[in-house]
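Reading through the structure tokens given below for one structure.
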Amino acid sequence: MLVRGELESINRDLRFDFDPYLKYDLKDERGRIVKNGIEEIFNTLRKAGDTFEVELYFDDKIIDLDSAYTIDFRNDSGRDQADVLADAPEIKLPELPFSVSDQEGNTTTIEEVVADVSYSRYTEGYEVDISFRGTAEVEMFGAKFRWQLCDSSGGVVAEGTDYVSSWNVDEDGSFVLGPHYSGEGMDLQIGESYEIKLSRANA
């Protein structure tokens, strides 16, 4: 199936990537979806007014040549770009700086936590990468700290334990850890709010 179209506008938001793409549902005569997919078209589009042409292929394992089919093109769950941006979950950051020391006096101080929220057009959901930045004085390994990503009811939806090692620390004593993928494949919930909590981890 040959599909032709024209780009009306292109997103310039710095937090989310809205490269042009097509999403489609192929339906049989009874209206059942026999195949859905996503087709990248951004390689051919650079500015409003640019046209595209793309082939969609369906083999005989998907379709019956003696039957009739319809194809519907759609955006992300019926939402446009403004909806997607507005639905991005809020993530509250912990109070900083946060310091943790071990018995030898090695100290790690987290001075900044970065929660980078992104939108996945494949899952039509939101994900977050968490990074930690700060300073440390460690001989080999610093004390461990725990981070937790909690929802609005206080439930822990993702967590991890980390520490700074000497090879993480630059000459000026600064370090960057991460990013850590928060949900291990779990999408954040639309309309939910989250909070990152830090604590000392058990040795």
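Quick look at the values:
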| item | result |
| --- | --- |
| Residue within the stretch 58-72 that is among the aliphatic types (A, V, I, L, M) and closer than 25 Å to Glu8 by Cβ present | yes |
| Long-range neighbours under 6 Å by Cβ, at least six apart or interchain, first residue basic (Lys, Arg) within the stretch 92-121, second surrounded by fewer than 17 Cβ atoms within 10 Å (Cβ to Cβ) and not in a loop (DSSP other than H, G, I, E, B) | Lys92/Glu195 |
| Residue match in the stretch 96-109 (condition: of a type outside the set (Ser, Thr, Tyr) and within 15 Å of the chain's Cα centre (by Cα)) | no |
| Some residue of the stretch 92-102 being basic (Lys, Arg) and not assigned by TED's automatic domain parsing to the domain that holds Leu177 | no |
| Candidate set from the stretch 87-110 (those that are in a loop (DSSP other than H, G, I, E, B) and charged (D, E, K, R)); member that is modelled with the highest pLDDT | Glu95 |
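The values are calculated or read from the model by the stated rules, or taken from the named source; none is laboratory data. No experiment lies behind these values; they were computed from the predicted model shown. Note: ideal-geometry Cβ built from the backbone for every residue, glycine included; neighbour counts use all protein chains shown.
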